[in-house]
Amino acid sequence: MSYPWLKPVEAEFAERLESDRLPHALLLCGPRDTGKTDLATDFVASLMCLENRYPACGVCRSCQLLKGGAHPDRQIITYEENPSTHELRKVLVVDQVRRLISSLYLTNSVSRRKAALVYPAEAMNISTANALLKTLEEPPGEAVLILVSHDTARLPATIRSRCQKLQVRPPDFAVAGEWLCADSGCSEAEADAALTAASGSPLKARRMLRDGSTDDYRLLIATLHDLRSGRVESGAAMAALKDVDPDLLWSWLSLLSAAEVKRVITDPAAAKSVSLLQSNADRNRKFLPTPVRKDFLLQDWLIQWSRLRA
């Protein structure tokens, strides 16, 4: 799947593939919800394609096997179910890498290359990362490993140094808005609201349009405006926001506080007050999985917001 903001990275990969200058390991990095995993999946398809082209031809035997989900020369490492709890693990474990390494040493079945996709790479624990190091540096044959990372700062420097980096950058707001309107059939105003609610992430904005989250974002904006202007009190504001997803709610409160800090930056006292609200929103979001009374936290936050100068 191709997105307009990914064209530069696609062009760089296509040129490397055509000129046979592929590294053993690629690190595809950038913000969340910009299409990196979709892009990496397309790269793997091209590495497997018997036509050796990007995008993959889609019709050769290798491409057909990929479509069926059972290509013997392609491996994927991502979150797996924990057999003890039957829930997805939150880390990539060393056994996954050991299985990958074993598969890379097998004779190719169909394709010229073997390829592996690892995502999100920052979910590797120390043992997993250490097990992968030697293979990243010298994988057998013509194997290519593609690591996808949303946060390269969490990757060990030893992992980063063994990969060639391809950086995915977030799209310009106007480019993202144009794409969102064409993709979702929404108006420009709806696209702007969704992108603002999604902090500029086009794929997250699309999800919000589809699940109605942008309506909740507009409700929050209106409620905070009414609260600050004195048209409603904190109790009524809480009632209005009771059905908004708490994780989104605190994320948006932090986002809106940050925007307000920029607006009042020339007023040190006001900026300090709003900065505290932003810090509290970030802190309260972390409290969501805990037994702390979230209603008290929200009420206190809304009261503090109502005391800001309009």
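The values are calculated or read from the model by the stated rules, or taken from the named source; none is laboratory data. Because the structure is a prediction, the values reported are computed rather than measured. Note: ideal-geometry Cβ built from the backbone for every residue, glycine included; neighbour counts use all protein chains shown.
Laid out as a table, the results:
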item: Residue satisfying condition, being in the same structural domain as Thr152 (by TED's automatic domain parsing), at pLDDT 95 or above, in a strand (DSSP E or B) and not basic (Lys, Arg), within set Leu27, Leu17; result: Leu27
item: Odd one out for Ala129 among (1) of a type in the set (A, V, I, L, M); (2) buried (at least 19 other Cβ atoms within 10 Å of the Cβ); (3) in the same structural domain as Arg53 (by TED's automatic domain parsing); (4) at pLDDT below 95; result: (4)
item: Lone unmet requirement of (1) assigned to a loop (DSSP other than H, G, I, E, B); (2) within 23 Å of Pro139 (Cα to Cα); (3) of a type outside the set (Lys, Arg); (4) within 27 Å of the chain's Cα centre (by Cα) for Asn52; result: (4)
item: Filter result for Val148 (modelled with pLDDT of 95 or more, buried (at least 20 other Cβ atoms within 10 Å of the Cβ) and not in a helix (DSSP H, G or I)); result: yes
item: Residues that are touching a Ser or Thr at 6+ places or on another chain (Cβ under 9 Å) and either of a type in the set (S, T, N, Q) or not in a helix (DSSP H, G or I) (or both), drawn from region 124-140; result: Asn130
item: Residue that is surrounded by the fewest Cβ atoms within 10 Å (Cβ to Cβ), among those in region 88-120 that are without any contact (Cβ under 8 Å) to a residue 40 or more places away in the chain and either in a strand (DSSP E or B) or of a type in the set (Asp, Glu) (or both); result: Leu88
item: Residue in region 36-51 that is farthest from Leu166 (Cα to Cα), counting only those that are surrounded by fewer than 21 Cβ atoms within 10 Å (Cβ to Cβ) and in contact (Cβ under 8 Å) with a residue 60 or more places away in the chain; result: Leu50
item: Residue check for Leu22: of a type in the set (A, V, I, L, M), touching a strand residue (DSSP E or B) at 6+ places or on another chain (Cβ under 9 Å) and not in a helix (DSSP H, G or I); result: yes
item: Residues of region 147-198 satisfying the condition of being in contact with a Cys (Cβ under 8 Å, 6 or more places away or on another chain) and free of Cβ contacts under 8 Å to residues at least 24 places away in the same chain; result: Ser187, Glu188, Ala191, Ala194
item: Tally, over region 273-288, of residues that are at pLDDT 95 or above and either more than 28 Å from the chain's Cα centre (by Cα) or not in a helix (DSSP H, G or I) (or both); result: 2
item: Val9, sole failed condition from (1) within 16 Å of Val144 (Cβ to Cβ); (2) β-branched (Val, Ile, Thr); (3) surrounded by fewer than 19 Cβ atoms within 10 Å (Cβ to Cβ); result: (3)
item: Single residue of Ala270, Ala222, Ala236 found to be in a helix (DSSP H, G or I) and closer than 15 Å to Arg307 by Cβ; result: Ala270
item: All positions within region 68-87 that are within 24 Å of the chain's Cα centre (by Cα) and surrounded by 12 or more Cβ atoms within 10 Å (Cβ to Cβ); result: Arg74, Gln75, Ile76, Ile77, Thr78, Tyr79, Glu80, Asn82
item: Residue under evaluation Pro140, criteria (1) within 21 Å of Ala157 (Cα to Cα); (2) touching a helix residue (DSSP H, G or I) at 6+ places or on another chain (Cβ under 6 Å), criterion not met; result: (1)
